[in-house]
Amino acid sequence: MNLQNITLVSFGYFEKDLLEKTAEAVRQEFHGIVNVREGHIDLSEFYDPARRQYNGNGLLKQVDALSFPDTIKTLGLFNVDLFIPILTFIFGQAFLGGRTGIASLYRFSNERYGMTGNELLMLDRFKKEVIHELGHTFGLIHCHNPTCVMRSSTYVEDIDQKEQQFCLHCRGNLETLTGGFLAE
């Protein structure tokens with residue numbers, strides 16, 4: 001078993017190109033094998049009609065219940081509006097130092113904010129969010145470096161200001177947390 005296997009599980013329809021480019025970005029940043037799988041969850045169980053959103057805590061627990069013996073980290077990919085009770089919405093979340101996380105494409109399109117569509121920008125935002133949440137699964141906390149992918153993001157503009165990579169400090173922490181097996 002390769003200790004660097006990461007599994008991305010798509011729940012719902014995603015363009016093949018988006019999944020491939022996201023997986024490649026994860027491969028480049030974590031220096032490991034990335035598997036993309038298709039998953040099926042009855043999302044209606046997690047829908048809150050009063051909020052018209054999906055409960056991120058419940059979805060995260062559902063993804064955490066999945067078992068992939070050939071992987072160390074699993075990230076569920078969704079295209080629905082996520083929330084947790086204390087926040088209006090979330091882009092994603094993860095168990096800090098755990099096995100799993102989730103990320104949603106839902107809030108990353110410019111059209112949602114009354115702007116002209118930009119597929120490349122939407123993909124860029126999604127890749128950053130996926131890498132960010134996987135960073136949390138490896139034990140990384142939010143970073144204060146404004147361009148680090150681990151910087152906290154409340155709005156899409158925050159994501160746009162970040163790079164797709166870990167800063168040197170977070171990269172060093174990641175290598176320490178993983179015993180160096182993510183080193184290039």
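Of everything in the stretch 40-56, what is in contact (Cβ under 8 Å) with a residue 12 or more places away in the chain and of a type in the set (Phe, Trp, Tyr)? Give them in sequence order.
So in the stretch 40-56, the residues in contact (Cβ under 8 Å) with a residue 12 or more places away in the chain come out as 40-41, 43, 45-46, 48, 51-56.
Correct list: Phe46, Tyr54.
Do any strands (runs of 3 or more DSSP E) entirely within the stretch 64-156 hold 2 or more residues that are surrounded by fewer than 20 Cβ atoms within 10 Å (Cβ to Cβ), and if so, which?
Details: elements: 73-78, 82-84, 87-90, 92-94, 100-104.
Those strands (runs of 3 or more DSSP E) span 82-84, 87-90.
When the stretch 134-184 is examined, which residues are found to be among the polar types (S, T, N, Q) and in contact (Cβ under 8 Å) with a residue 12 or more places away in the chain?
Looking only at the stretch 134-184, we keep the residues that are among the polar types (S, T, N, Q), and these are 137, 145, 147, 152-154, 161, 164-165, 173, 176, 178.
Those that are among the polar types (S, T, N, Q) and in contact (Cβ under 8 Å) with a residue 12 or more places away in the chain: Thr137, Asn145, Thr147, Ser153, Gln161, Gln164, Gln165, Asn173, Thr178.
Could you please tell me which pairs satisfy a Cβ distance under 9 Å, a separation of 6+ or placement on different chains, a first residue in the stretch 89-117 that is more than 21 Å from Glu15 (Cα to Cα), and a second residue that is in a strand (DSSP E or B) and of a type in the set (Val, Ile, Thr)?
Ile90/Ile84; Ile90/Ile102; Gln93/Ile84; Gln93/Ile102; Ala94/Thr100; Ala94/Ile102; Arg99/Thr74; Thr100/Thr74
What number of residues within the stretch 173-184 satisfy the criterion of being surrounded by 12 or more Cβ atoms within 10 Å (Cβ to Cβ) and either in a helix (DSSP H, G or I) or modelled with pLDDT of 95 or more (or both)? Talk me through it step by step, then tell me what you get.
We begin by selecting, within the stretch 173-184, every residue surrounded by 12 or more Cβ atoms within 10 Å (Cβ to Cβ); these are 173-175, 177-178, 181-182.
Applying the additional criterion that residues be either in a helix (DSSP H, G or I) or modelled with pLDDT of 95 or more (or both) yields 173-175, 177.
The qualifying residues number 4.
Restricting the first residue to the stretch 2-31 and requiring it to be closer than 16 Å to Phe138 by Cβ and without any contact (Cβ under 8 Å) to a residue 12 or more places away in the chain, which pairs with a second residue that is of a type in the set (A, V, I, L, M, F, W, C) and buried (at least 17 other Cβ atoms within 10 Å of the Cβ) meet a Cβ separation below 8 Å and a spacing of at least six or different chains?
Final answer for the pair search is Arg27/Val34.
In the stretch 20-36, what residues are surrounded by fewer than 17 Cβ atoms within 10 Å (Cβ to Cβ) and either out of contact with any strand residue (DSSP E or B) (no Cβ under 6 Å at 6 or more places or on another chain) or in a helix (DSSP H, G or I) (or both)?
Glu20, Lys21, Glu24, Arg27, Gln28, His31, Ile33
The values are calculated or read from the model by the stated rules, or taken from the named source; none is laboratory data. The shown structure was predicted, so the numbers you read here are calculated from the model rather than taken from an experiment. Virtual Cβ from ideal backbone geometry, glycine too; neighbours counted across all protein chains shown.
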